[in-house]
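**Q** What follows is a structure written as structure tokens; I'll ask about it next.
The values are calculated or read from the model by the stated rules, or taken from the named source; none is laboratory data. Predicted model only: the values in this text are computed from it and were never measured. Every residue, glycine as well, gets a Cβ built from its backbone with ideal geometry; the counts of neighbours run over all protein chains shown.
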Amino acid sequence: MKDALPDLVAQFIVRHGLFRKERVEAALFELDAYGCVMKTDKIFNPGDTVMLDLIMDMPFDKIRAEGITGLITERRKHCSNFFYSIDFVDLTSDGGSGLEDKLRRIREVLSKKQSLKSRRSPGSMSGFRQMA
């Protein structure tokens with residue numbers, strides 16, 4: 001599996017009984033305009049819905065896309081965790097162009113970070129040595 005996306009986490013609330021709630025933070029492994037892949041030890045079933053807050057926390061800025069409704073479409077077990085494929089549901093329903101803009105901004109920053117990271121990877125140094 002690929003590495004987790006840098007500086008990006010998903011937060012959601014899991015209910016335990018009637019009065020107890022737990023706020024869970026999970027790593028994201030993929031993100032596009034239609035959904036994401038999340039890794040957590042919490043158990044969901046395909047067809048379940050989850051309310052996500054996507055938080056990109058960087059030293060100079062914090063981008064938060066809150067209240068995203070996601071539909072669990074697939075579950076894969078990996079050791080003691082699960083990878084969940086989540087489709088975003090109805091981003092435009094709650095006057096959501098602001099939410100779409102925040103998600104677009106998160107994807108833009110992620111693509112820039114990943115392109116910088118790939119330029120600095122050890123494999124790219126061998127190309128420079130061959131040129132010299």
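**Q** Can you give me the number of residues within the range 72-114 that are modelled with pLDDT under 85 and more than 15 Å from the chain's Cα centre (by Cα)?
**A** Qualifying residue count, the range 72-114: 9.
**Q** Name the residue that is farthest from residue 75 (Cα to Cα), counting only residues in the range 1-54 that are at pLDDT 90 or above and of a type in the set (Gly, Ala, Ser).
**A** Here the answer is 10.
**Q** Is it true that residue 47 is closer than 11 Å to residue 86 by Cα, of a type outside the set (Phe, Trp, Tyr) and touching a residue at least 40 places away in the same chain (Cβ under 8 Å)?
**A** Against the criterion (closer than 11 Å to residue 86 by Cα, of a type outside the set (Phe, Trp, Tyr) and touching a residue at least 40 places away in the same chain (Cβ under 8 Å)), residue 47 does not qualify.
**Q** So, residue 61, is that one on the phi > 0 side of the Ramachandran plot and in contact with a helix residue (DSSP H, G or I) (Cβ under 9 Å, 6 or more places away or on another chain) or not?
**A** For residue 61, the condition - on the phi > 0 side of the Ramachandran plot and in contact with a helix residue (DSSP H, G or I) (Cβ under 9 Å, 6 or more places away or on another chain) - is not met.
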